[in-house]
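Have a look at the structure below, then the notes.
The values are calculated or read from the model by the stated rules, or taken from the named source; none is laboratory data. Since the model is a prediction, treat every value here as computed from it, not as a measurement. All Cβ positions, even for glycine, are placed from backbone atoms using ideal geometry, and neighbour counts span all protein chains on display.
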Amino acid sequence: MKRRNIFLIIALVVLGGAAFGLKECFRGHTGVDGMDAVHAVDAPALLAEFMADDAAARAKYVGSAEQAIQVNGVIAAIEAGNDSIPANVRLETGDPMASVACEFAPADLPAAWKAGDRVSVKGICQGYTGDGMLPGDVVLQRCIEAEQ
């Protein structure tokens, strides 16, 4: 009788652990729309901070825990996406070789947006792709339109 009880307890622990593991595995991302923006910044200032001190800007905007930031700027270009590829909205930074690249799910990209519009975007900052003297982009993922 004792052996049977021990086996049942072990089986329940294993099943509970497996259920928790599967739940975490398929949990998905928290929606950006439910997050408050930790920082609000203009696109040129965001790029300038990353170019001046990548480590400090990464600590501030990327952080150790996932956080949303709001970036305001003028649309330089919109690159359409599809079901498997996000749409990209590139915000002007004053540097023709660098931008703030905002990745949108195609369903979240406002249809009325066009190049030259002043917009506000909320997303998760992933960092800067530049390296040394080569300029790059500041990348925001899971973006949505934010109120200005």
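Tabulated data
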item	result
From L140, L46, L134, residue being of a type outside the set (D, E), surrounded by 21 or more Cβ atoms within 10 Å (Cβ to Cβ) and more than 14 Å from the chain's Cα centre (by Cα)	L46
Yes/no for A56 being loosely packed, with under 15 Cβ neighbours inside 10 Å and either in contact with a helix residue (DSSP H, G or I) (Cβ under 6 Å, 6 or more places away or on another chain) or part of a strand (DSSP E or B) (or both)	no
Some residue of the stretch 17-26 being within 30 Å of D108 (Cα to Cα), touching a residue at least 24 places away in the same chain (Cβ under 8 Å), assigned to a helix (DSSP H, G or I) and not aliphatic (A, V, I, L, M)	no
Search result, residues across the stretch 95-125 that are polar (S, T, N, Q) and over 17 Å from A80 (Cα atoms)	S120
Any strands (runs of 3 or more DSSP E) falling wholly within the stretch 81-146 and containing at least 2 residues that are among the β-branched types (V, I, T)	118-128, 138-145
Cβ-Cβ under 7 Å pairs, at least 6 apart or on other chains, the stretch 109-122 side at pLDDT 95 or above, far side aromatic (F, W, Y)	V119/W113
Qualifying position, being under 13 Å from D42 (Cα atoms), crowded, with 16+ Cβ neighbours inside 10 Å and assigned by TED's automatic domain parsing to the domain that holds D36, among I124, I75	I75
Pick from the stretch 37-87, criterion within 19 Å of F104 (Cβ to Cβ) and among the hydroxyl-bearing types (S, T, Y), ranking: modelled with the lowest pLDDT	S84
